[in-house]
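K.L.:
Structure provided below as structure tokens; questions to follow.
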Amino acid sequence: MAQPTTRQFRPLPVPSVNVAGFWGDWQEAVCDETAAILLDRCIEARMLEQVDVDAPNPGLVIPILGWLGTTQMFWDSDLAKSIETIAYSLYRKPNPALEARADAIIDLYEKLQDADGYLNSFFQRIKPEWKWTNLRDFHELYCAGHMIEAAVAYHQATGKRKFLDVMSRMADYMVKRFGRGPGQVRGYCGHEEVELALVRLARETGNTSYMELAKFFVNERGQAPNFFVEEAIAHGRDPKGVQANTLEYNQSHLPLRDQTKVVGHAVRAMYIYSGMADIATEYNDDSLTHALETLWADLTQKQMYLTGGIGPAAANEGFTDYYDLPNESAYAETCASVGLVFWANRMLGRGPNRLYADTMEQALYNGAIAGLSRDGKTFFYENPLESAGKHHRWIWHRCPCCPPNIARLVASIGSYMYGVADDEIAVHLYGESTARVELAGGAVTLTQQTQYPWDGAIGLSVAVDKPTPFALSLRIPAWAKGAAIAVNGQKVDVDSVTVDGYARIEREWRAGDSVRLDLPLVPRALRANPKVRQNAGRVAVMRGPLVYCLEGADNPVGLNSILLGDGLGQSQTATIPNFNGAIAIDLPVLRELADGWGDALYSDAVPSAKSDTARMVPYHLWDNREPGEMLVWVRAEQRP
């Protein structure tokens with residue numbers, strides 16, 4: 001059955017979904033550890049001194065760098081994402097002391113705000129003469145965006161309006177300042193983010209001017225004459241720019257609808273594509289959707305790691321050439337995978353489509369949550385796919401964007417699991433949860449019972465006050481060969497009801513109705529496109545949505561001595577101790593031996609080898625035990 005093309009699917013608010021099981025364990029770590037840690041470390045970095053008008057001005061704590069700015073400019077965004085994380089954590093687990101700390105910071109921002117609504121601690125207290133002089137590099141609108149998102153989250157979680165009112169005043173100020181009207185600035189931010197934030201604010205407040213401003217920023221970006229070029233000339237700067245010397249760095253080289261290749265800084269790209277997707281949904285804008293479809297194919301078919309990591313290069317924190325996916329030097333910033341989850345989720349706004357949801361899941365379970373330790377206390381900024389044992393999690397970072405980004409994603413994961421239209425509930429992600437949904441026909445409570453991703457059995461139960469007609473669309477992952485569905489015990493022909501990778505079950509639902517979905521979790525070997533030179537002769541292993549890796553903690557000799565043959569069918573699964581039921585894969589391999597090689601560095605001899613067993617663990621869990629090597633792409637057995 002074809003789906004209507006003009007419906008809009010929106011995510012559920014975080015308070016509408018209770019999460020348990022796999023994601024519940026992760027959220028507990030955020031509630032118990034990460035939320036407070038983020039705030040503590042922001043304060044240790046002296047961020048509150050910049051916000052507090054009654055405290056001595058800290059001045060430039062972090063020096064101006066070669067790109068004309070300092071990471072101190074972003075401090076408002078770091079505090080905002082930390083408050084957003086706290087908001088979600090408060091919904092799951094009330095914490096009056098932590099809530100009081102967040103309230104106190106919000107009070108400081110309210111006191112700092114100018115009468116006209118402007119709010120940015122760096123440009124109010126540290127460098128007021130720089131205000132609105134460099135939209136390309138200085139992140140003013142970026143910080144506003146993150147603060148808007150935090151304000152919406154805090155309002156939803158606590159019911160308190162103060163922060164929402166503060167940021168609405170800032171948004172009102174921006175509505176007056178930016179646009180093509182008389183006296184307005186036709187600019188946009190060098191680091192995109194405010195676009196998707198304004199959409200969230202419009203949805204929360206009902207104020208359509210915020211949505212219109214988001215649309216303006218999307219439509220204006222890259223138009224000729226280029227704003228960033230004109231801005232630089234007006235202020236006596238080199239119009240070529242500073243960061244990476246190209247407008248591609250911040251995706252402003254062409255109008256967004258004309259862009260066909262994913263380029264530049266990876267996080268910026270993900271944020272602007274997320275904003276574009278939101279506007280495409282809200283305005284039913286096919287021109288934006290078609291541009292995004294082209295960009296999506298470009299990214300996922302030529303520039304994305306198996307883990308959903310993106311942006312291989314540290315030099316620009318972003319993209320290089322097609323099929324350039326080095327493993328050990330991979331940058332693959334945690335924020336970039338988080339951003340890919342944002343984008344993929346918003347691409348589902350115009351209807352369920354496995355193309356986007358599968359990648360959302362892939363990035364979420366691998367490239368994103370790898371950035372947070374299992375105990376919630378330490379973090380990855382970069383996420384390589386191979387390590388000689390020297391890459392480890394860190395406590396904090398001078399540009400601490402990743403810790404609160406992955407924390408807020410984990411803490412709000414319920415809103416990514418479901419999409420809702422007037423007459424349809426789409427289940428994008430599977431996990432133990434209860435969702436409360438308001439449809440046109442009435443209220444529905446949908447409960448998932450499952451140990452996913454460790455087990456592929458998923459039970460869904462429906463609770464309604466009265467018989468209610470709607471469609472329940474269940475994603476059938478592309479890897480799930482032989483998936484089976486039964487409704488109230490009656491088998492469903494999956495192929496006949498599947499549309500764009502979702503099994504769409506349309507009926508009048510009654511209290512007590514149940515659905516059983518079985519997704520076979522079979523380890524599978526994947527190979528990279530032959531154009532990816534770094535993975536020639538290597539294979540990777542996945543089970544369900546999870547990428548697996550070899551880790552030194554389980555395999556004490558050199559990981560590159562391991563050869564994976566055709567023995568995947570003889571693999572066994574085992575529970576990893578102390579990891580909440582996480583599943584390891586034990587599989588037969590060959591191991592090349594250095595014994596008998598001698599002292600020669602090179603030889604025409606073939607190393608001897610022996611049969612052995614290797615253990616692979618989920619990539620997102622690596623470096624949670626003792627330090628050691630790690631390897632995703634394993635040599636394939638091709639011995640003479």
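K.L.:
Got a sec? Which of Y188, Y109 is on the phi < 0 side of the Ramachandran plot, assigned to a loop (DSSP other than H, G, I, E, B), within 28 Å of the chain's Cα centre (by Cα) and hydroxyl-bearing (S, T, Y)?
P.N.:
Details: Y109 fails: assigned to a loop (DSSP other than H, G, I, E, B).
Matching residue, one of Y188, Y109: Y188.
K.L.:
Checking the condition basic (K, R) and buried (at least 21 other Cβ atoms within 10 Å of the Cβ), which residue from R507, R543 passes? Reasoning before the result, please.
P.N.:
Values: R507 fails: buried (at least 21 other Cβ atoms within 10 Å of the Cβ).
Step by step, each of R507, R543 is checked, and only R543 is basic (K, R) and buried (at least 21 other Cβ atoms within 10 Å of the Cβ).
K.L.:
Specify which of the listed residues (V199, V229, V194) is assigned by TED's automatic domain parsing to the domain that holds H139, surrounded by fewer than 24 Cβ atoms within 10 Å (Cβ to Cβ) and among the aliphatic types (A, V, I, L, M). First the steps, then the outcome.
P.N.:
Values: V199 fails: surrounded by fewer than 24 Cβ atoms within 10 Å (Cβ to Cβ); V194 fails: surrounded by fewer than 24 Cβ atoms within 10 Å (Cβ to Cβ).
Only one candidate qualifies: V229.
K.L.:
Could you count how many residues in region 242-283 are assigned to a loop (DSSP other than H, G, I, E, B) and touching a residue at least 12 places away in the same chain (Cβ under 8 Å)?
P.N.:
Quick first cut of region 242-283, residues assigned to a loop (DSSP other than H, G, I, E, B) only: 242-246, 251-255, 259-264.
When the remaining residues are screened for being touching a residue at least 12 places away in the same chain (Cβ under 8 Å), the result is 242-244, 246, 251-255, 259-264.
Counting residues in region 242-283 that are assigned to a loop (DSSP other than H, G, I, E, B) and touching a residue at least 12 places away in the same chain (Cβ under 8 Å) gives 15.
K.L.:
Return yes when I476 is within 30 Å of Q303 (Cβ to Cβ), outside the structural domain of V589 (by TED's automatic domain parsing) and at pLDDT 95 or above and no when it is not. It would help to see each step written out before you state the result.
P.N.:
Details: within 30 Å of Q303 (Cβ to Cβ): yes; outside the structural domain of V589 (by TED's automatic domain parsing): yes; at pLDDT 95 or above: yes.
It is true that I476 is within 30 Å of Q303 (Cβ to Cβ), outside the structural domain of V589 (by TED's automatic domain parsing) and at pLDDT 95 or above.
K.L.:
Identify the single condition in (1) assigned to a loop (DSSP other than H, G, I, E, B); (2) within 28 Å of R533 (Cβ to Cβ); (3) modelled with pLDDT of 95 or more that P352 does not satisfy, given that it satisfies every other one.
P.N.:
Of everything listed in (1) assigned to a loop (DSSP other than H, G, I, E, B); (2) within 28 Å of R533 (Cβ to Cβ); (3) modelled with pLDDT of 95 or more, P352 misses just condition (2).
K.L.:
Could you grab me the full set of residues in region 217-231 that are of a type in the set (D, E, K, R) and either within 14 Å of L256 (Cα to Cα) or in contact with a Cys (Cβ under 8 Å, 6 or more places away or on another chain) (or both)?
P.N.:
From region 217-231, those of a type in the set (D, E, K, R) are 220-221, 230-231; that's our starting set.
Within region 217-231, E220, R221 meet the criteria.
K.L.:
In region 15-30, how many are surrounded by 24 or more Cβ atoms within 10 Å (Cβ to Cβ) and farther than 15 Å from M417 by Cβ?
P.N.:
1
K.L.:
Give the residue, chosen from D595, D586, D623, that is touching a strand residue (DSSP E or B) at 6+ places or on another chain (Cβ under 8 Å) and surrounded by fewer than 19 Cβ atoms within 10 Å (Cβ to Cβ).
P.N.:
Working: D595 fails: touching a strand residue (DSSP E or B) at 6+ places or on another chain (Cβ under 8 Å); D623 fails: surrounded by fewer than 19 Cβ atoms within 10 Å (Cβ to Cβ).
Checking each option against the conditions leaves just D586.
K.L.:
Quick one: in region 273-295, of everything that is closer than 18 Å to C189 by Cα and either at pLDDT below 95 or touching a Ser or Thr at 6+ places or on another chain (Cβ under 9 Å) (or both), which residue is surrounded by the most Cβ atoms within 10 Å (Cβ to Cβ)? Full working, then the answer.
P.N.:
First pass over region 273-295, keeping only residues closer than 18 Å to C189 by Cα: 273-279.
Narrowing further to those that are either at pLDDT below 95 or touching a Ser or Thr at 6+ places or on another chain (Cβ under 9 Å) (or both): 276-277.
Working: M276: 31, A277: 28.
The selected residue is M276.
K.L.:
Among the candidates G431, G419, single out the residue that is outside any loop (DSSP other than H, G, I, E, B) and of a type outside the set (V, I, T). It would help to see each step written out before you state the result.
P.N.:
On the way: G431 fails: outside any loop (DSSP other than H, G, I, E, B).
Among G431, G419, only G419 is outside any loop (DSSP other than H, G, I, E, B) and of a type outside the set (V, I, T).
K.L.:
Here is a further query. Looking at L295, L288, L348, L372, can you tell me which residue is touching a residue at least 24 places away in the same chain (Cβ under 8 Å), over 22 Å from V218 (Cβ atoms) and hydrophobic (A, V, I, L, M, F, W, C)?
P.N.:
Numbers: L295 fails: over 22 Å from V218 (Cβ atoms); L288 fails: over 22 Å from V218 (Cβ atoms); L348 fails: over 22 Å from V218 (Cβ atoms).
Of the residues listed, the single one that is touching a residue at least 24 places away in the same chain (Cβ under 8 Å), over 22 Å from V218 (Cβ atoms) and hydrophobic (A, V, I, L, M, F, W, C) is L372.
K.L.:
I've got another one for you. Just to be sure, is P239 out of contact with any helix residue (DSSP H, G or I) (no Cβ under 7 Å at 6 or more places or on another chain), over 25 Å from R346 (Cβ atoms) and assigned by TED's automatic domain parsing to the domain that holds D103? Full working, then the answer.
P.N.:
Values: out of contact with any helix residue (DSSP H, G or I) (no Cβ under 7 Å at 6 or more places or on another chain): no; over 25 Å from R346 (Cβ atoms): yes; assigned by TED's automatic domain parsing to the domain that holds D103: yes.
In short, no.
K.L.:
Counting just the residues of region 64-103 that are in a helix (DSSP H, G or I) and among the charged types (D, E, K, R), which one comes out surrounded by the fewest Cβ atoms within 10 Å (Cβ to Cβ)? It would help to see each step written out before you state the result.
P.N.:
First, the residues of region 64-103 that are in a helix (DSSP H, G or I): 71-92, 96-103.
The next check asks that each one be among the charged types (D, E, K, R); those that pass are 76, 78, 81, 84, 92, 99, 101, 103.
Details: D76: 26, D78: 23, K81: 27, E84: 29, R92: 20, E99: 18, R101: 19, D103: 16.
Top of the filtered list is D103.
K.L.:
Which of the numbered conditions does P607 fail, given that it passes all the others? Conditions: (1) in contact with a Phe, Trp or Tyr (Cβ under 7 Å, 6 or more places away or on another chain); (2) farther than 27 Å from T450 by Cβ; (3) assigned to a strand (DSSP E or B).
P.N.:
Checking P607 against (1) in contact with a Phe, Trp or Tyr (Cβ under 7 Å, 6 or more places away or on another chain); (2) farther than 27 Å from T450 by Cβ; (3) assigned to a strand (DSSP E or B), the one that fails is (3).
K.L.:
Next question, about the same structure. Looking at region 291-312, can you tell me whether even one residue there is aromatic (F, W, Y) and more than 26 Å from L621 (Cα to Cα)? Don't jump to the end; show me each part of the working.
P.N.:
To start, the set of residues in region 291-312 that are aromatic (F, W, Y) comprises 296, 305.
The next check asks that each one be more than 26 Å from L621 (Cα to Cα); those that pass are 296.
Yes, the conditions are met somewhere in region 291-312.
K.L.:
From the set of residues in region 369-408 that are within 16 Å of the chain's Cα centre (by Cα) and within 20 Å of S329 (Cβ to Cβ), which is surrounded by the fewest Cβ atoms within 10 Å (Cβ to Cβ)?
P.N.:
E382
K.L.:
Could you grab me the full set of residues in region 305-334 that are surrounded by fewer than 24 Cβ atoms within 10 Å (Cβ to Cβ) and outside any loop (DSSP other than H, G, I, E, B)?
P.N.:
A313
K.L.:
Could you list, in sequence order, all residues of region 463-479 that are hydrophobic (A, V, I, L, M, F, W, C), over 21 Å from G351 (Cα atoms) and either buried (at least 21 other Cβ atoms within 10 Å of the Cβ) or out of contact with any Ser or Thr (no Cβ under 7 Å at 6 or more places or on another chain) (or both)? Quick ask: steps written out before the conclusion?
P.N.:
To start, the set of residues in region 463-479 that are hydrophobic (A, V, I, L, M, F, W, C) comprises 463-464, 470-472, 474, 476, 478-479.
From what's left, over 21 Å from G351 (Cα atoms): 463-464.
Within region 463-479, just V464 meets the criteria.
K.L.:
Also, quick follow-up: Pairs, please: C-beta under 8 Å, at least 6 apart or cross-chain, first residue within 20 Å of D137 (Cβ to Cβ) and free of Cβ contacts under 8 Å to residues at least 12 places away in the same chain and in region 70-94, second surrounded by fewer than 23 Cβ atoms within 10 Å (Cβ to Cβ) and aliphatic (A, V, I, L, M)?
P.N.:
T70/L60; T70/I62; T70/I64
Condition check ((1) in the same structural domain as T450 (by TED's automatic domain parsing); (2) among the basic types (K, R); (3) modelled with pLDDT under 95) across all residues:
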| site | (1), (2), (3) |
| --- | --- |
| N578 | no, no, yes |
| L590 | no, no, yes |
| D599 | no, no, yes |
| A605 | no, no, yes |
| K610 | no, yes, yes |
| M616 | no, no, no |
| R625 | no, yes, yes |
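K.L.:
Quick one: in region 610-629, which of the residues that are more than 18 Å from F579 (Cα to Cα) and outside any loop (DSSP other than H, G, I, E, B) is nearest to the chain's Cα centre (by Cα)?
P.N.:
By that ranking, first place goes to A614.
K.L.:
More than 26 Å from the chain's Cα centre (by Cα) and aromatic (F, W, Y), is that true of W509?
P.N.:
On the way: more than 26 Å from the chain's Cα centre (by Cα): yes; aromatic (F, W, Y): yes.
When the stated conditions are applied, W509 passes them.
K.L.:
So which of M174, M211, M167 ends up being touching a residue at least 60 places away in the same chain (Cβ under 8 Å) and in contact with a helix residue (DSSP H, G or I) (Cβ under 9 Å, 6 or more places away or on another chain)? If you could, list the steps in order and put the result at the bottom.
P.N.:
Working: M174 fails: touching a residue at least 60 places away in the same chain (Cβ under 8 Å); M167 fails: touching a residue at least 60 places away in the same chain (Cβ under 8 Å).
Of M174, M211, M167, the one residue that is touching a residue at least 60 places away in the same chain (Cβ under 8 Å) and in contact with a helix residue (DSSP H, G or I) (Cβ under 9 Å, 6 or more places away or on another chain) is M211.
K.L.:
Condition first: farther than 20 Å from G552 by Cβ, within 29 Å of the chain's Cα centre (by Cα) and in a strand (DSSP E or B). Can you find one or more residues in region 567-574 that meet it?
P.N.:
The answer is yes, given that some residue of region 567-574 is farther than 20 Å from G552 by Cβ, within 29 Å of the chain's Cα centre (by Cα) and in a strand (DSSP E or B).
K.L.:
List, please: which pairs have Cβ atoms under 6 Å, are six or more places apart or on different chains, and start with a residue in region 530-550 that is not assigned by TED's automatic domain parsing to the domain that holds G367 and end with one that is in a loop (DSSP other than H, G, I, E, B) and hydroxyl-bearing (S, T, Y)?
P.N.:
Pairs found: K531/Y323; V532/Y323; V547/T307.
The values are calculated or read from the model by the stated rules, or taken from the named source; none is laboratory data. This one's a predicted model, so the numbers in the text were calculated from it and none came from an experiment. Every residue, glycine among them, receives a Cβ derived from its backbone with ideal geometry; neighbour counts consider all protein chains shown.
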